[in-house]
Amino acid sequence: MVQTPTLPIAMDTTTTHTTDAPDLQSIVILDFGSQYSELIARRIRETQVYSEVLPYRTTAAELRDRAPKGIILSGGPNSVYDDNAPQCDPEIWNLDIPVLGVCYGMQLMVKQLGGEVERAKLAEYGKAALHIDDPTDLLTNVAEGSTMWMSHGDSVTRMPDGFVRLAHTDNTPDATIADHARKLYGVQYHPEVVHSEDGQALICNFVYHICRCEPTWTTEAFVDRAIADIRQQVGDKRVLLALSGGVDSSTLAFLLHKAIGDKLTCMFIDQGFMRKYEPERLVKLFKDEFAIPVEYVQARDRFIDKVAGVTDPEEKRRLIGHEFIRVFEEESTRLGPFDYLAQGTLYPDVIESANTNVDPKTGERVAVKIKSHHNVGGLPKDLQFKLVEPLRKLFKDEVRKVGRSIGLPEEIVNRHPFPGPGLAIRIIGEVTAERLNILRDADLIVRQEINRQGLYHQVWQAFAVLLPIRSVGVMGDQRTYAHPIILRLVQSEDGMTADWARLPYEFLEIVSNRIVNEVKGVNRVALDITSKPPGTIEWE
Ligand code: XMP
């Protein structure tokens with residue numbers, strides 16, 4: 001398992017237009033379409049060195065300007081011999097910056113430097129034992145026979161001049177190679193995945209011994225730098241922030257409040273689709289406990305009127321998203337003028353907008369839309385604000401660390417994700433005031449029991465879904481004809497994939513009993529046992 005050191009985070013912040021400070025040490029990952037590129041960045045940040053993912057087309061000149069301490073070429077779905085195989089700028093080899101090629105990245109390095117890569121006799125997928133030929137340098141602290149995760153069809157058959165073998169596996173003679181003089185390294189496996197036992201040791205060797213980095217990516221340094229940068233960027237201008245109560249917008253509010261005090265205005269739009277007691281709780285927390293004023297906008301009727309009679313999920317999402325923007329514009333005019341809008345953009349959004357999936361045939365990037373996600377950050381680009389985005393370089397777990405370090409309570413730091421359109425997408429079909437009340441009450445019971453039984457941290461999300469159909473039941477000798485509630489309890493790392501949570505029967509039993517007994521309008525409770533994929537976490 002990869003160990004997570006205590007405080008992995010960073011120096012620089014982030015606005016759309018400031019450049020990285022010269023003292024920010026970084027390792028750049030050139031992304032050739034591997035599903036693991038982002039993971040490599042996370043692993044490097046865990047060593048307390050900043051890392052960012054850039055498109056594979058980034059030129060050597062651009063890299064020279066950024067002056068990273070090291071470059072990693074990621075894996076990718078292509079073979080280096082494909083017609084459209086993505087290439088890196090060959091000038092990269094002359095930058096005098098250490099390079100580590102991973103899988104496809106290694107094969108590309110070999111081919112561009114005059115070696116040979118061929119389709120392997122045996123493709124290798126899964127675990128392989130690494131036999132060490134040179135235990136120093138990149139492989140310091142990597143044990144002989146250590147398991148590494150392989151996933152390749154091509155193999156290096158002749159190393160370029162100047163390279164030597166550092167390790168092999170039973171099927172792959174050149175599994176780790178190096179040109180020590182030029183500080184060029186290649187690994188045929190994926191050190192970044194958890195199945196690679198000593199993968200993190202290898203990554204640390206590259207970062208510290210080969211690239212000579214120092215541990216500058218720490219939470220404290222990030223916060224100091226972010227505050228200084230916010231002050232420099234916005235001066236004494238006014239900033240507007242749309243608060244949702246989630247960890248991102250709350251951390252943003254804390255950070256901005258620390259930086260610019262009452263020049264910040266937090267606005268919370270209550271669209272009427274929040275969980276029971278949440279709007280009141282949020283406003284009270286911010287006003288009374290954090291002393292950060294919040295403009296509370298009560299817009300419940302507008303939203304419910306908008307979605308009246310609408311049953312199509314995408315149409316619901318679209319209408320709610322539009323109405324949100326309209327309310328936001330009206331209210332910001334009323335409270336304004338503002339010069340800046342604070343957005344909780346995170347690093348994965350930044351990578352995804354630059355790089356989406358790679359089509360393995362053409363090497364071009366493509367994206368497939370499953371749902372139109374909407375959240376308070378989902379405002380249109382043409383609003384008349386300049387943006388301040390201090391979380392732009394952070395992964396979600398890093399935002400949590402920052403939030404915690406500047407005083408955000410655990411209640412918010414560890415809050416489960418909640419979708420922008422809220423309960424409206426957990427009522428299947430038409431949303432009515434009556435259905436909202438039923439769902440709110442059922443959802444509250446799920447949350448109460450999850451907390452009471454100490455299961456909150458075992459699940460990624462736990463909530464109720466209301467179906468528009470009705471079924472027959474019997475209560476106190478009377479026939480009932482009422483709605484079913486579906487329990488959706490999932491475990492996940494990042495929301496991209498998920499599995500249904502195997503919670504104790506006792507929990508399910510209590511929740512089911514309480515919902516049917518306490519929530520008028522419900523006479524049946526069912527459990528959703530679908531993973532994602534093929535299901536999604538939310539029902540709409
Ligand atoms: P799905 O349903 O796509 O959800 O499997 C994945 C994760 O995203 C959350 N989600 C949203 N979050 N705005 C958000 O901010 C949205 O419109 C939205 N829709 C889904 C969902 O709760 C889960 O954590």
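The values are calculated or read from the model by the stated rules, or taken from the named source; none is laboratory data. These numbers come from a predicted model, not from an experiment. Reconstructed Cβ throughout: ideal geometry from the backbone, glycine too, with neighbour counts over all protein chains shown. Surface areas here come from the heavy atoms of the whole protein model, side chains and all, with no ligands, DNA or RNA. Shrake-Rupley method; radii C 1.70, N 1.55, O 1.52, S 1.80 Å.
Every residue in segment 175-189 that is buried (at least 24 other Cβ atoms within 10 Å of the Cβ) and either on the phi > 0 side of the Ramachandran plot or in a loop (DSSP other than H, G, I, E, B) (or both), please.
Hits for segment 175-189 are A175, Q188.
Could you tell me which residue of segment 337-348 is nearest to L387 (Cα to Cα), considering only residues that are within 10 Å of the chain's Cα centre (by Cα) and open to solvent by less than 20 Å² (accessible area, probe 1.4 Å)?
Residue satisfying both the conditions and the ranking: L346.
Take the conditions open to solvent by 10 Å² or more (accessible area, probe 1.4 Å), more than 15 Å from the ligand (Cβ to nearest atom), at pLDDT below 90 and touching a helix residue (DSSP H, G or I) at 6+ places or on another chain (Cβ under 7 Å) and apply them to I351. Does it pass?
yes
In segment 79-99, is there at least one residue being more than 28 Å from S26 (Cα to Cα) and assigned to a strand (DSSP E or B)?
The answer is no; no qualifying residue exists.
Where the second residue is of a type in the set (G, A, S) and open to solvent by 70 Å² or more (accessible area, probe 1.4 Å) and the first is farther than 15 Å from E538 by Cβ and assigned to a helix (DSSP H, G or I) and lies in segment 314-334, which pairs have Cβ atoms under 6 Å and are six or more apart or on separate chains?
Here the result reads none, with nothing in segment 314-334 linked to a residue that is of a type in the set (G, A, S) and open to solvent by 70 Å² or more (accessible area, probe 1.4 Å).
Filter segment 67-102 down to residues that are in contact with an Asp or Glu (Cβ under 7 Å, 6 or more places away or on another chain), over 21 Å from T157 (Cβ atoms) and at pLDDT below 95, then give me how many there are.
Result for segment 67-102: 0.
Any chance you could count how many residues in segment 380-418 are farther than 23 Å from Q232 by Cβ, open to solvent by less than 20 Å² (accessible area, probe 1.4 Å), part of a loop (DSSP other than H, G, I, E, B) and within 16 Å of the ligand (Cβ to nearest atom)?
So the answer is 1.
What are the pairs with Cβ atoms under 6 angstrom where one residue, in segment 516-540, is part of a strand (DSSP E or B) and the other, located anywhere, is open to solvent by less than 20 Å² (accessible area, probe 1.4 Å) and within 16 Å of the ligand (Cβ to nearest atom)? Sequence gap at least six, or different chains.
Taking only residues 6 or more apart or on different chains, the pairs are A526/I486; L527/L487; K532/A498.
Any chance you could count how many residues in segment 214-240 are open to solvent by 10 Å² or more (accessible area, probe 1.4 Å) and under 21 Å from Q48 (Cα atoms)?
The qualifying residues number 12.
Counting residues that are free of Cβ contacts under 8 Å to residues at least 60 places away in the same chain and in contact with a helix residue (DSSP H, G or I) (Cβ under 6 Å, 6 or more places away or on another chain), which strands (runs of 3 or more DSSP E) fully inside segment 422-497 reach at least 2?
Values: elements: 461-466, 471-475, 478-491.
By residue number, 461-466.
Taking the conditions exactly as written (open to solvent by 10 Å² or more (accessible area, probe 1.4 Å) and not in a loop (DSSP other than H, G, I, E, B)), does K258 satisfy them or not?
yes
Residues that are touching a helix residue (DSSP H, G or I) at 6+ places or on another chain (Cβ under 8 Å) and not in a helix (DSSP H, G or I): does segment 197-208 have at least one?
No, every residue in segment 197-208 fails to be touching a helix residue (DSSP H, G or I) at 6+ places or on another chain (Cβ under 8 Å) and not in a helix (DSSP H, G or I).
For V474, are the conditions met, namely being within 16 Å of the ligand (Cβ to nearest atom) and in contact with a strand residue (DSSP E or B) (Cβ under 9 Å, 6 or more places away or on another chain)? Give the derivation first.
Details: within 16 Å of the ligand (Cβ to nearest atom): no; in contact with a strand residue (DSSP E or B) (Cβ under 9 Å, 6 or more places away or on another chain): yes.
No; evaluated as a whole, the condition is false for this residue.
Within segment 436-451, can one find any residue that is under 30 Å from V194 (Cβ atoms), within 16 Å of the ligand (Cβ to nearest atom) and under 24 Å from the mean Cα position of the chain (by Cα)? Give the steps one after another, and end with the answer.
Going through segment 436-451, the residues under 30 Å from V194 (Cβ atoms) turn out to be 450-451.
When the remaining residues are screened for being within 16 Å of the ligand (Cβ to nearest atom), the result is 450.
Applying the additional criterion that residues be under 24 Å from the mean Cα position of the chain (by Cα) yields none.
No - not one qualifying residue is present in segment 436-451.
Would segment 502-522 turn up any residue that is under 27 Å from the mean Cα position of the chain (by Cα), closer than 22 Å to L436 by Cβ and open to solvent by less than 60 Å² (accessible area, probe 1.4 Å)?
The initial filter retains those residues of segment 502-522 that are under 27 Å from the mean Cα position of the chain (by Cα), namely 502-503.
Next cut, closer than 22 Å to L436 by Cβ only: none.
No, segment 502-522 has no match at all.
Could you please let me know if P360 is part of a loop (DSSP other than H, G, I, E, B), at pLDDT below 95, outside the structural domain of V431 (by TED's automatic domain parsing) and touching an Asp or Glu at 6+ places or on another chain (Cβ under 9 Å)?
Spelling it out, P360 is indeed part of a loop (DSSP other than H, G, I, E, B), at pLDDT below 95, outside the structural domain of V431 (by TED's automatic domain parsing) and touching an Asp or Glu at 6+ places or on another chain (Cβ under 9 Å).
Which of the residues spanning segment 113-167 are surrounded by 14 or more Cβ atoms within 10 Å (Cβ to Cβ), under 17 Å from V193 (Cβ atoms) and hydroxyl-bearing (S, T, Y)?
Of everything in segment 113-167, those that are surrounded by 14 or more Cβ atoms within 10 Å (Cβ to Cβ), under 17 Å from V193 (Cβ atoms) and hydroxyl-bearing (S, T, Y) turn out to be S146, T147, S151.
Take segment 270-312 and flag every residue that is over 18 Å from L252 (Cα atoms) and in a strand (DSSP E or B).
Listed by number, the residues that qualify are D270, V297, Q298.
Hey, G105 hits all of (1) open to solvent by 20 Å² or more (accessible area, probe 1.4 Å); (2) at pLDDT 95 or above but one; which does it fall short on?
For G105, the failing item is (1).
Got a number for residues in segment 484-511 being closer than 20 Å to L423 by Cβ and either among the aliphatic types (A, V, I, L, M) or more than 16 Å from the ligand (Cβ to nearest atom) (or both)?
Matching residues across segment 484-511 total 8.
Taking the conditions exactly as written (polar (S, T, N, Q), under 30 Å from D349 (Cα atoms), assigned by TED's automatic domain parsing to the domain that holds N437 and within 16 Å of the ligand (Cβ to nearest atom)), does T536 satisfy them or not?
no
What about L243, is it in contact (Cβ under 8 Å) with a residue 12 or more places away in the chain, in contact with a Cys (Cβ under 7 Å, 6 or more places away or on another chain) and either surrounded by fewer than 19 Cβ atoms within 10 Å (Cβ to Cβ) or of a type outside the set (S, T, Y) (or both)?
yes
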